[in-house]
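S.K.: After the structure tokens below, expect a handful of questions from me.
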Amino acid sequence: MAETGDGKKEDADYKRLQSFPLIRHTDMPEEMRVETMELCVTACEKFASNNESAAKMIKESMDKKFGSSWHVVIGEGFGFEVSHEVRNLLYMFFGGSLAVCVWKCS
Amino acid sequence: MSVPHKVGSVKSKQVSSFVMQDEEEGLDTAEGEEWMQGKTLVKPPDQLDLTEAELNEEITRVLKASNPNAPQNVVRYSFKEGCYKPIVFVDQMAIHFELEGNLVHKDSDEGRRLMAKQAEVDDGGGDERPDNVAIKAGKREQKLTNQFNFNERASQTLNNAPRDISCQTEPPPRANFSATANQWEIYDFYVEELQRREKSKEKHEGQFLNKEEDKSKKKMIQAETQNDDISQLAKVVKIIERMVNQNIFDDVAQDFMYFEDASDEFRGEKGTLLPLWTFQYDKAKSLSVTALCWNHKYNDLFAVGLGSHEFTQQGGGMLLFYTLKNPSYPEFIFNTASGVMCLDIHEHLSYLVAVGLYDGCVAVYNLKKKTDQPIYNSRASSGKHTSAVMQVKWQKDDLDSNHNFISVSADGRVVSWTLVKHELVFTDIIKLPVIDTIPDDLNDVIPTVGTSLDFHKQKDYSFLVGTEHGKIHKGSKYYSSKFLEKYDAHFMNVTRVRWNPFHPDVFISCGWDWMVKIWDQTMKSPVFTFELKTSVTDVAWAPYSSTVFAAVTTDGKVHVFDLNINKYEALCQQKVVSKKTKLFNIEFNPVHPIIIVGDDRGHVTSLKLSPNLRKKPKEKKGQDLPKGPEVEIAKMEQLLSSLR
């Protein structure tokens, strides 16, 4: 019981501690990076259950702000290999289990 | 008739008869008379009855142009003034009768038209119908406008030829990126990040204590960066200096690289030396060049040792490094306490330079270090030479992989120096044998001055030493007591002895007795002897051919020989310096076809060898000549065998 209790605690801790947005890899300039990260967090929180809508929101906002054409992938388990324009890639984790990859390539 | 006058006095007679009847009517007598002439007066019923007096009254009637019936007080409303205003000028014309005429002027339009119609009508009335039609048609044809009367003019402006221009911008650079997004990857990364943050927190706490130290460190770093700025500038300045030099000496550089003297074809065997750069240094004016050495790794870098050959004129010395890329100023400058007599650059580690000085010291300089001082100096250590060091030569690293070099000096000792940590350790190799004329008890006092030293290219234990007395001794590093051979080379000082770079048995020597001699080590007497009219101070083999060598003499001439072409005479004997300047050293560049000669004014002159002096043996048709040292050896062997 203690163990399961601890396990639950750990889970809760883990959720608390490891939900913050964490950038895994990026080559964006500072300003762009911050803005994009904020946008991704907002979108994922808004559409917590629907990755497609979140991705749609991110993609459209990025297109408007930084020009076409952006691609967004949100998910919990995927592998990828992409060609991106230099200084236009962001790959981050969020919510402990969500991975978001945003890149520009026209 | 109306004029009342008394015409008719006659009439009055006639009338009088009548008048009697009209007197009552009141008319003019004349009128009355006229009236009375023919008719009886009838009075209409509505006529006025007037009295006679009234009848005789004269009434004046005036004729006016104004129309009595025209209204005189026509009034019109004036909108401007808002009231009725009388019109002053009233139309006075009264039309009594109007009749429109039907006459038309024959020249007017209508007149012509009518006349034409008239003519038509007349004609039409008179002829038959078909004729009518024909005439009508003909008239119509005549009336049609003729196509050929049109004048058409057209012109076309010049249109510039259309041209296609297309352009493609560079697309923004792309890169590939790949990763996997799994739950465990995400988890791992988060864990790492947390750890990192913890560590940085600890560091932060630690750092608060060390703030003061950091400040001092920061100051240090700032100072260093300032230095860096200046040193970065130095590099740039150096490049610019070289560029400026290249521009100044552009023609010399071009000659150095590309010039081949075409007149050599017409000169038969003879060749020439083309002067290139002259290297001199202001502070070395009073010194003379005593040693030259090319750097093996950087083929444009060479070392010059400056000192003095005269016993009485000893002062300081210098070690300079020049590069062909910058002929105006030396790359490295080292000041030495006494004159430099000899130097050698290590074959593999081209930053190590061994220098032998007039006061018997040997020193090793490291060019990589920025200091002016040698890294090793034999001043302090024992075993230093008691007299001037005449020649130094680097050897291969010994068994402990320490660098070592060998020196020969005027005190008759051949010593090997090993660079151990921070000092030079000496080992006596051999002592030059005393000459016979010195009595035995003075053996230790009066040494045999060794003047030149050379090690065999292949068998590097074997070496030759030349002495002041004109003898050349062949020795081996393994025999420390005795020399293997002795050659009676010259009558006077042997200034230089060198092994042939290709043939294992051949060496050359030169001396103050005006001779240059070529030896086969197996034979006691020289194979070739050349006499060069003045003291020969240096001789060198060419690195590209086993039969070419050059010698310099005190009259400022350079003599170049090629034994393959001419066994008795020099191919080139050229004075390269101004009068009364003595040449002391000569060296061939290992790669380029140039030589450098040093003179007693401290100047180094570089010269380019003309093609005749660099001849390789002619290729026979259909035969592939094997290149390489074997050819050279074979060449030499041929020569030697012909003379044995």
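S.K.: So the check is Cβ under 7 Å with 6+ separation or different chains; which pairs have a first residue in segment B:178-205 that's more than 8 Å from chain A (Cβ to nearest Cβ) and a second one that's not in a helix (DSSP H, G or I)?
M.R.: If the second residue must be not in a helix (DSSP H, G or I), no pairs are left.
S.K.: List, please: which pairs have Cβ atoms under 7 Å, are six or more places apart or on different chains, and start with a residue in segment A:20-42 that is without any contact (Cβ under 8 Å) to a residue 60 or more places away in the chain and end with one that is in a helix (DSSP H, G or I) and among the β-branched types (Val, Ile, Thr)?
M.R.: Final answer for the pair search is A:Leu39/A:Ile58.
S.K.: It is to be established whether one or more residues within segment A:92-100 are among the polar types (S, T, N, Q) and facing chain B (nearest Cβ under 7 Å).
M.R.: Among the residues of segment A:92-100, at least one is among the polar types (S, T, N, Q) and facing chain B (nearest Cβ under 7 Å), which makes the answer yes.
S.K.: A further question on this structure: Please go through segment A:32-91 and give me each residue that is more than 24 Å from B:Ala175 (Cα to Cα) and surrounded by 18 or more Cβ atoms within 10 Å (Cβ to Cβ), ordered by number.
M.R.: If the condition is that a residue be more than 24 Å from B:Ala175 (Cα to Cα) and surrounded by 18 or more Cβ atoms within 10 Å (Cβ to Cβ), then A:Ala43, A:Cys44, A:Asn51, A:Ala54, A:Met57 are the ones that fit.
S.K.: Among the residues of segment B:333-348, write down those that are of a type in the set (A, V, I, L, M) and in contact (Cβ under 8 Å) with a residue 40 or more places away in the chain.
M.R.: Passing the criteria: B:Ile333, B:Val340, B:Met341, B:Leu343, B:Ile345.
S.K.: For segment B:315-346, which residues satisfy the criterion of being within 15 Å of B:Met390 (Cα to Cα) and polar (S, T, N, Q)?
M.R.: Within segment B:315-346, B:Ser338 is the sole residue that qualifies.
S.K.: Then there's this: Which residue pairs have Cβ atoms under 6 Å apart, sit 6 or more places apart or on different chains, and have a first residue in segment A:76-87 that is facing another protein chain (nearest Cβ under 7 Å) and a second that is assigned to a loop (DSSP other than H, G, I, E, B)?
M.R.: These pairs meet every condition: A:Glu76/A:Ser97; A:Gly77/B:Asn182; A:Ser83/A:Cys105; A:His84/A:Cys105; A:Glu85/A:Cys105; A:Glu85/B:Pro172; A:Val86/B:Pro173.
S.K.: State whether the residues of segment B:550-566 include one that is modelled with pLDDT under 85 and over 18 Å from B:Glu269 (Cα atoms).
M.R.: Looking through segment B:550-566, none of the residues is modelled with pLDDT under 85 and over 18 Å from B:Glu269 (Cα atoms).
S.K.: Further question on the same structure: Which number in (1) polar (S, T, N, Q); (2) surrounded by fewer than 13 Cβ atoms within 10 Å (Cβ to Cβ); (3) at the interface with chain B (Cβ under 8 Å from one of its Cβ atoms) marks the one condition that A:Ser106 misses?
M.R.: Among (1) polar (S, T, N, Q); (2) surrounded by fewer than 13 Cβ atoms within 10 Å (Cβ to Cβ); (3) at the interface with chain B (Cβ under 8 Å from one of its Cβ atoms), A:Ser106 violates only (3).
S.K.: What strands (runs of 3 or more DSSP E), lying completely within segment B:299-360, carry at least 2 residues that are more than 21 Å from B:Val597 (Cβ to Cβ) and more than 35 Å from the chain's Cα centre (by Cα)?
M.R.: B:332-336, B:352-357
S.K.: Considering only residues that are open to solvent by 90 Å² or more (accessible area, probe 1.4 Å) and over 34 Å from the mean Cα position of the chain (by Cα), look in segment B:160-177 and name the one that is nearest to the other protein chains (Cβ to nearest Cβ).
M.R.: If we take residues in segment B:160-177 being open to solvent by 90 Å² or more (accessible area, probe 1.4 Å) and over 34 Å from the mean Cα position of the chain (by Cα), then B:Asn176 is nearest to the other protein chains (Cβ to nearest Cβ).
S.K.: Give the residue, chosen from B:Lys384, B:Lys370, that is surrounded by 20 or more Cβ atoms within 10 Å (Cβ to Cβ), at pLDDT below 85 and within 22 Å of B:Glu423 (Cβ to Cβ).
M.R.: That would be B:Lys384, the only listed residue that is surrounded by 20 or more Cβ atoms within 10 Å (Cβ to Cβ), at pLDDT below 85 and within 22 Å of B:Glu423 (Cβ to Cβ).
S.K.: So the check is Cβ under 6 Å with 6+ separation or different chains; which pairs have a first residue in segment B:257-282 that's modelled with pLDDT of 80 or more and a second one that's exposed (fewer than 14 other Cβ atoms within 10 Å of the Cβ)?
M.R.: As it stands, the answer is none, since no pair meets every condition given.
S.K.: Let me ask something additional. Pick from B:Ile438, B:Ile430: which is more than 58 Å from the chain's Cα centre (by Cα), open to solvent by 20 Å² or more (accessible area, probe 1.4 Å) and either at pLDDT 85 or above or among the β-branched types (Val, Ile, Thr) (or both)?
M.R.: Of the residues listed, the single one that is more than 58 Å from the chain's Cα centre (by Cα), open to solvent by 20 Å² or more (accessible area, probe 1.4 Å) and either at pLDDT 85 or above or among the β-branched types (Val, Ile, Thr) (or both) is B:Ile438.
The values are calculated or read from the model by the stated rules, or taken from the named source; none is laboratory data. Computed from a predicted model, the values in this text were never measured in an experiment. Please note: Cβ atoms are built from the backbone with ideal geometry, for glycine as well, and neighbour counts cover all protein chains shown. The protein model used for the area step is the full one, side chains on, heavy atoms only, and it has no ligands, DNA or RNA in it. Shrake-Rupley method; radii C 1.70, N 1.55, O 1.52, S 1.80 Å.
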